[in-house]
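These notes are about the structure you will find just below.
We did not get these values from a lab; they are worked out from the coordinates using the rules stated. Keep in mind it's a predicted model, so treat the numbers as computed, not measured. Cβ atoms come from the backbone with ideal geometry, glycine included; neighbour counts cover every protein chain shown.
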Amino acid sequence: MIEVKSQISGTVWQVLVEVGQDVSEEEDLLILESMKMEIPVSAPDNGKIVEVLVAPNQPVQEGQVLMRLEQS
Amino acid sequence: MFKRILIANRGEIARRIIRTCRKLGIETVAVHSDADMMAAFVNEADQAFLIGLAQPHASYLNMEAVLGAAEQSGAEAVHPGYGFLSENATFAARCEQLGITFIGPTIAAMEAMSEKVPARNLMQSAGVPVAPGTAEPILMEDPEKALAAAAEIGYPVLVKPSAGGGGIGMTVVENPDKLLSALKTAQGRAQRAFGSGAVFLEKYLPNSRHIEFQVLFDNFGEGVHLFERECSVQRRYQKVLEETPSPALDAIPGLRERMAQAALQAAAAVNYRNAGTIEFILGQGGEFYFLEMNTRLQVEHPITEMTLGVDLVEQQLRIAAGEPLSLSQAQLKPRGHAIEFRVYAEDPATFLPSPGTLTVFRPPQASQFVRIDSGFEEGDTVTPYYDPLLAKLIVWGENRAEAIERGRQALADFKIEGIKHNLSLHLKILANEQFRLGRYDTGLLNRL
């Protein structure tokens, strides 16, 4: 299981994937917003989304787990 | 002149506008979000109104809340600063409806310059050079047309959103194989960020520079240019450091004057009024093209003030109050060299934002050569809601070498702790050989 963590403090702008969805390495999973910047968070590896822990407009902290995915 | 104005902005620019108002005996009204309760600009204004929650759309972008405060306070005019509502023609129209002066251009001029594709076409017909590109937005349903247009322009091409700015959604495409996927990505990003997925293609000029010209026009059609600002030190298409004069324009005889005339032509084509900035891209061979016009005060306006001794906010207020322009082109003679360093709350290597508390925030001593425009004080919290600008450090020297040296000292004296910041990046830029020679382009930071 891979934990996808936030590199920054900010707000979730958009969640681009759903639980059960297959994703490929470097595919954008969600977009964070901080200080007028959109910061895409991409998949670290090929896999399946197991858990989405955040929703749009939710504030997140640096290091917070955003999603979990299972490597394929 | 106005007795009282409302400042529809925050941070350093709100404080900077308050300074000029004080000098002119104008009362100021601040509006602020709940996140800015304790901010310096709120404290410094004569009146302050809490208008909403931290998220910009709930407060600084909330037109009716801003206008409500304007009416309640009895402000005769609104200064929009930069960003937020400053280029919003609907907001300017609402001000007009309420009999409040919008300190800026006419609604028609704002609309003419707001979308890049129509603005490019208008400039072309006014005789202002524009880069080769598409005269209409590219539609996704017509990939063949996009490929044909790109082939005609010649690779590499730049995919750009027609609305918005700040580099969001911009992509360089090297060859036809990558064009369609780049278009799709750019359209998605433009749609999300600006509510319009319209993109167009423009010739990509490698190793180019970004140079802008400041203009001022009054209500009687009189206008002057206030020379250029060199803005090529950028990360992610956003400016990090600006200087004037541009070392590039000294190198080619007559170029500065040709660009200045094109800037005046561009502004005159939309019957411009108040302060505005025409951005150009300058190629290696001295060819230049119109990029866009910013119909507002620029972040980097202080370097122009340092070399010309003109208070641009004062000029904006006088023009908005209906006074004729008191500056003539002949009397505008820039002196010395000025550099602005944008001190950002961000990681100097990854450029990722770094909100947090400023446990130490000690700018260098201000003097006639060193100016600091900042919205923050020691102990303040930098929130994730607004842009990452902590301070603008502006230095002046008799010549470029002196300005660089003064900048180096001022940066070394600047103490910030508690969050990540880019002071070290600025020192690195100043030490860079290409920068010191004045021979750099927009790729400088990527090569550093």
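Values as computed for the structure displayed
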read-out	value
Shielding by partners - mean other protein chain Cβ count within 10 Å, residues of A:34-45	5
Residues whose placed amide H lies under 5 Å from that of B:Arg296, excluding near-sequence neighbours	B:Thr277
For B:Ala391, residues with placed amide H under 5 Å, excluding near neighbours	B:Val343
Per-residue HN-Hα couplings for region B:367-384 [Karplus 6.51, -1.76, 1.60; θ = phi - 60°; Hz; x = Gly/Pro]	7, 5, 9, 10, 10, 10, 10, 9, x, 10, 9, 3, x, 5, 9, 8, 8, x
For chain B, calculated [θ]222 nm from helices alone, where every DSSP H run of n ≥ 4 adds -39500 (n - 2.57)	-10000 deg cm²/dmol
Rough spin-label spacing in nm, given labels placed 7 Å along Cα→Cβ, for B:Asn219 and B:Leu147	5.6
Ranking of B:Val173, A:Val15 by count of other Cβ atoms within 10 Å, fewest first	A:Val15, B:Val173
Of the trypsin sites (Lys or Arg not before Pro) in region B:1-65, those whose Cβ has at most 11 other Cβ within 10 Å and which sit in DSSP loop	B:Lys3
Rg and Dmax [Cα atoms of chain B; Å; Rg one decimal, Dmax integer]	21.3, 61
Rounded Å value of the spacing that divides the Cα centres of chain A and region B:384-426	34
Reciprocal mean inverse distance between Cα atoms of the protein assembly as shown - Kirkwood radius, Å	24.1
Contact order normalised by residue count of region B:1-89, Cα under 8 Å, 6+ apart, percent	36
Distance in nm between pseudo-label sites at B:Leu24 and A:Ser72 (7 Å out along the Cβ direction from Cα)	6.2
Hz values of 3J(HN,Hα) by residue in region B:417-423 - Karplus curve (6.51, -1.76, 1.60), Gly and Pro given as x	9, x, 9, 7, 8, 10, 4
Among B:131-142, B:308-319, the order from most to least packed when residues are scored by Cβ within 10 Å on average	B:308-319, B:131-142
Whole-Hz couplings from phi, Karplus 6.51/-1.76/1.60, listed for region B:314-329; x for Gly and Pro	4, 4, 4, 5, 5, 5, 4, 7, x, 6, x, 4, 9, 9, 10, 4
Span per principal axis, largest first, for the Cα atoms of region B:164-229 (Å)	49, 31, 16
Entries in A:Lys48/B:Lys178; B:Lys392/B:Lys428; B:Lys116/B:Lys392; B:Lys145/B:Lys203 that, when Cα-Cα distance is taken, lie over 19 Å	A:Lys48/B:Lys178; B:Lys116/B:Lys392
Label-point separation, B:Gln97 to A:Gln61 (7 Å along Cα→Cβ), nm	4.4
Calculated FRET efficiency for the pair A:Leu53/B:Arg258, C-beta based, R₀ 60 Å, to 0.05	0.60
